1. Restricting attention to region 91-103, does a residue exist that is assigned to a loop (DSSP other than H, G, I, E, B) and over 17 Å from Leu66 (Cα atoms)?
2. Quick check on region 35-53. Is at least one of its residues free of Cβ contacts under 8 Å to residues at least 12 places away in the same chain, more than 25 Å from Val135 (Cβ to Cβ) and surrounded by fewer than 18 Cβ atoms within 10 Å (Cβ to Cβ)?
3. So which of Val175, Val134 ends up being within 24 Å of Ile54 (Cβ to Cβ) and either in contact with an Asp or Glu (Cβ under 7 Å, 6 or more places away or on another chain) or part of a strand (DSSP E or B) (or both)?
4. Taking the condition at pLDDT below 95 and either farther than 18 Å from Asn101 by Cα or not hydroxyl-bearing (Ser, Thr, Tyr) (or both), does Gly60 pass?
5. Across region 1-19, which residue is nearest to Gly34 (Cα to Cα) among those that are under 21 Å from the mean Cα position of the chain (by Cα) and assigned to a loop (DSSP other than H, G, I, E, B)?
6. What number of residues within region 85-108 are open to solvent by 10 Å² or more (accessible area, probe 1.4 Å), on the phi < 0 side of the Ramachandran plot, more than 8 Å from the chain's Cα centre (by Cα) and not basic (Lys, Arg)?
7. If Ser68 satisfies every condition in (1) touching a residue at least 24 places away in the same chain (Cβ under 8 Å); (2) buried (at least 24 other Cβ atoms within 10 Å of the Cβ) but one, which is the exception?
8. Under 6 Å between Cβ atoms, which residue pairs at least 6 apart in sequence (or on different chains) link something in region 91-110 that is of a type in the set (S, T, N, Q) with a partner that is not in a strand (DSSP E or B)?
Amino acid sequence: TRTWVSGVGDDANPCSRTAPCKTFAGALSKTAPGGEINVLDPGGFGAVTITHSISIISVGFEAGVLVSGTNGIDVSVADTDKVLLEGLDIKGLGTGLNGINIIGGGKTTIRRCSIRSFTQNGINLVGTSNARAVVEDTTILNNVGGFNMQAATGVNTAFLQNCTLDNNSSFATKVTGPSTLVLTG
């Protein structure tokens, strides 16, 4: 249930502490639903599409997700799933689409992340009915849109606490449709 990534890892490894993987995508395929991917040392760990409950955590190390022409992290999980993204540096190089693109249901918590330089949104919450996002202590800079939320049906909910949204050229936050956004701190 716990796997590890390292800047010098290899996705052919079992993603153990002593034989870590190189990318989040490689580790995700070897981590049970509800498990955890931990960062051992600084590195660029690539884009990932999350399809089940998972925690991706970096404490004290640069955990980069650097993308061009695509989304940094796609979250497409079931209504009962929970995702935690903590301590990640997500950068779009001025050509990436969305930093974090939440298109499923469930609850996604984003904590202590930096999201910048995307051509669409830093965080794009367009999930199915009743998707939830909790964003804490996160910086969203230099994107076209900062935090975008919309719901075609039902109500999506987001809480932004102690976040910095700056220099996003179109908007800091945008809510479309029957959704609820709470800003604090």
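1. Within region 91-103, one or more residues are assigned to a loop (DSSP other than H, G, I, E, B) and over 17 Å from Leu66 (Cα atoms).
2. No: zero hits.
3. Within the list Val175, Val134, the selection yields Val134.
4. yes
5. Only one residue fits best here, namely Thr1.
6. 5
7. Among (1) touching a residue at least 24 places away in the same chain (Cβ under 8 Å); (2) buried (at least 24 other Cβ atoms within 10 Å of the Cβ), the lone unmet condition for Ser68 is (2).
8. Taking only residues 6 or more apart or on different chains, the pairs are Thr95/Ser68; Thr95/Gly69; Asn98/Asn71; Asn98/Gln120; Asn101/Asn71.
The values are calculated or read from the model by the stated rules, or taken from the named source; none is laboratory data. Fair warning: this is a prediction, and the values are worked out from it, not measured in the lab. Counting neighbours? That spans all protein chains shown, and the Cβs are built from the backbone with ideal geometry, glycine included. Quick note on the areas: whole protein, heavy atoms, side chains included, nothing else; ligands and nucleic acids left out. Shrake-Rupley method; radii C 1.70, N 1.55, O 1.52, S 1.80 Å.
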